[in-house]
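Worksheet: the structure to be examined is printed underneath.
Bear in mind these aren't lab numbers, they're just calculated from the coordinates by the rules spelled out. What you see is a predicted model, and the numbers here were worked out from it, not measured in a lab. Every residue, glycine among them, receives a Cβ derived from its backbone with ideal geometry; neighbour counts consider all protein chains shown.
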Amino acid sequence: MIFLPLPFVVALLLLTLLAIIVRGDEPERRNWPFLALIALCALQSVIVGLRWGYDVTALKFVLPVLASGAPPLVLASFHSLIRREERGGPGGAWIHATPTIGVLLLVLLAPQYIDFALIVEYVGYALALLNMARTGTDALDEARFEGAVAAYRALVIAAFSLCLSTLFDLAIILDFEWTKGENIGLIVSNANLLGLLFIGGTAMVADRARALPVANAIVDEEPASLPQDREILDRIDHLLVSQKLARDENLTLSRLARRAGLPARQISIAVNRLAGKNVSQYINDFRIAEACRLLRETDMSVTSAMLESGFQTKSNFNREFRRVTALSPVAWREQNRAGALAA
C-alpha cells in the first residue's frame, strides 16, 4: 500500500481552497497576498510530507526558508484591507523580505540559530498584527462594512496562530533535547494541520471582506478645517439616507470618507464618541432599519429584503438583525405585522 503522509492531504485541501477562492472572486477583488500565502503553505506541506513521510533529509533546510515567508504574507494580506496611505511608503514592502533572506543566510552560515530566529520572527509579526488590531474594526478601512467585523476577528486569530506556531517550534526544540527528535514527525504533522485550519479560515474571511476597487481613490486626509463631531455625523447621516449609500455592498470606511470629504479617522472618532459604536455597526444600523421597513411595509421575502438593504450574507444579516432588534427577521416581521393589523 502506498503511504500518503497527512501533510500531503493538507496540501491537497489547501490547493482546493485556493482554486475555490480564485474561481469565486472577480480578479480585481482577489487578495493576492493571501493567495500567495495559501500556495506557500501548500508547498510547505508537500515538503513536510517528503521530509518526514519519506525521510528526504536533503529538504530539511528548505522548510525554515519557506516558513519564514509566511508571517510577512499574513501581514501583507491584512494590509490590503487598509487604505494605501496608511501602510507606509513603497520601500517598506522590501523590509518584509529580510526575514527570509536572514533565515537563508543562517541556513548557509549558522543553522543552529534557525529555530530561535523563526520564533523571534513569528512573535514579532504577531505583535505587529495585534498592534494593527488595537484601534478596533475601523482599522480595516478598506474592508466592506458587512465583512469588517469578521475580518477583524480573522486578524486576531492570525496573530494567535503565529504565536501558536512558536509553541510548536519550542516543542520541536524540546523534543530534540529530550528524545533526540523521536516525536518530531508527529509534532510537525499536527502543526501543519492546525495551520491549515487557521490559514484557510482567515484567508476565506479576509478575501470576502475586500471591496471592489474604484477609480479616483485619492482622498484629502488633512482638510483645512475639521467640523465638529455632530456636524460630521450629520453629514454622514445625510449621505446614508438621502443618497442611500448604506445599501452599497462595497461600502468601506475609506470610501465613505471620500464621499463625505472628511478624513476616515475623524469619522471613526465622531461615530465612536456620539453613537458609542464603531462605523461598521453604525452603518449596519441603517441597513437593518431599511430591512425592517421592507419587512413591515412590503411582501418582499427576507432574503430579498436582506439584499436590498445592503447585506450579502444571511449569517451576517441575521447576526446584525438580532443585535439591533433582539429578534430574528421572521419573528420581527410576524410581531410587527400583527401589531400593525391590530392597530
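Using the charge dipole of region 263-305 (Lys, Arg: +1 at Cβ; Asp, Glu: -1 at Cβ; taken about the Cα centre), state which of 295, 271, 281 has its Cα farthest towards the positive end.
The residue sitting farthest along the positive end of the dipole is 271.
About its Cα centre, what dipole magnitude does region 232-288 give when the only charges are +1 on Lys and Arg Cβ and -1 on Asp and Glu Cβ, stated in debye to the nearest 20?
Roughly 140 debye, rounded to the nearest 20.
Could you work out how much longer the chain between residue 56 and residue 307 gets when fully extended? Use 0.36 nm per residue separation minus the Cα distance between them, nm to one decimal.
85.1 nm
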